[in-house]
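Single-structure report; data block below.
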Amino acid sequence: MKRMITTWLIAATWLGGFSSFANAEDNAVLVFGATGGTGLATVERLRERGIPVTAFVRPTSNREKLTPMGVSFAVGDALSAEDVEKAVADGGFMAIVSAIGGRPDQPRPDFTGVKNMVDAAKKHGVERMVLVSSIGAGDEAREKPAPDAGFFKTILHEKTLGEDYLIASGMDYTIIRPGGLRSEPATGNGQLSEAPTMGMIHREDVGALIVQTLMDPAAYGKVYHAIDPNLKREER
């Protein structure tokens, strides 16, 4: 499968972009967290390139911004292994993107949801996954644990478990740890770094970086930090 994707990517480059990706129904991307700011921006960038997208949404999710983009929908709960497996099994997807999140009053999907995605992907032959995590998770959490900050520390723990599960899965993974996120128009200045980097970034720019790494075999097995070097923490 990896060789097939790599061959397609080389061909797409020679053809001048990602347009040929949309020619096969089984080359769609399944996006979790598609109604959130980062997920929505990812879907927008994929659709701009003509790439078929299926958005995994909850029954109560607002699809108003997604529907005009011509996406398909899979309805369920990322915390339900059955719902996730059905969505993956029904689609014949080339890749999965996870931009799932949660609220303080809701169960966190950062580990269980990612585990459900990975298990379903492996069962149904999806080898590529891009996971949006957080600065401070993974190896950073182990080397420099966050202070006891309650909910935030819990989130980092769950995200670390999700990262670890994906890394151990054998999938062609890429993990992106954004800096502080803002819901403002893209600046086009988002950057990826393998070195731990603190900073801020707009969600729309993270979406563009997700698509960039999704299509790049050189990003397989990489953990990146995503920031906009022109943004300062004190800016509003």
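The values are calculated or read from the model by the stated rules, or taken from the named source; none is laboratory data. These figures come from a predicted structure and were not determined experimentally. Note that we place each Cβ from the backbone using ideal geometry, even for glycine, and neighbour counts take in every protein chain shown.
Quick notes
- Cβ separations smaller than 8 Å between residues 6+ apart or across chains give the following pairs from the stretch 199-227 residues that are at positive phi and surrounded by fewer than 23 Cβ atoms within 10 Å (Cβ to Cβ) to residues that are at pLDDT 95 or above and part of a strand (DSSP E or B): Gly221/Asp172; Gly221/Tyr173; Gly221/Thr174.
- Breaking point among (1) modelled with pLDDT of 95 or more; (2) closer than 22 Å to Leu40 by Cβ, for Lys122: (2)
- The residues of the stretch 166-180 that are buried (at least 18 other Cβ atoms within 10 Å of the Cβ) and either under 15 Å from Ala120 (Cα atoms) or not basic (Lys, Arg) (or both), listed by number, are Leu166, Ser169, Met171, Asp172, Tyr173, Thr174, Ile175, Ile176, Pro178, Gly179.
- The sole residue among Arg108, Arg63, Arg128 that is modelled with pLDDT under 95 and of a type outside the set (Asp, Glu) is Arg108.
- Residues considered: Thr6, Thr54, Thr13. Of these, the only one that is modelled with pLDDT of 85 or more and either within 13 Å of the chain's Cα centre (by Cα) or more than 20 Å from Lys159 (Cβ to Cβ) (or both) is Thr54.
- Test: Glu64 is free of Cβ contacts under 8 Å to residues at least 40 places away in the same chain and closer than 25 Å to Pro217 by Cβ: no
- Exactly one residue among Val88, Val71, Val75 is closer than 27 Å to Lys123 by Cβ, under 16 Å from the mean Cα position of the chain (by Cα), modelled with pLDDT of 95 or more and not basic (Lys, Arg), and that residue is Val88.
- Qualifying residue in the stretch 155-165 (condition: within 16 Å of Thr38 (Cβ to Cβ), touching an Asp or Glu at 6+ places or on another chain (Cβ under 9 Å) and among the β-branched types (Val, Ile, Thr)): yes
- Filtered residue count, the stretch 30-88, keeping only those that are in contact with a helix residue (DSSP H, G or I) (Cβ under 7 Å, 6 or more places away or on another chain) and acidic (Asp, Glu): 3
- In the set (1) within 24 Å of Leu209 (Cα to Cα); (2) modelled with pLDDT under 80; (3) among the polar types (S, T, N, Q), Ser133 fails one condition alone, (2).
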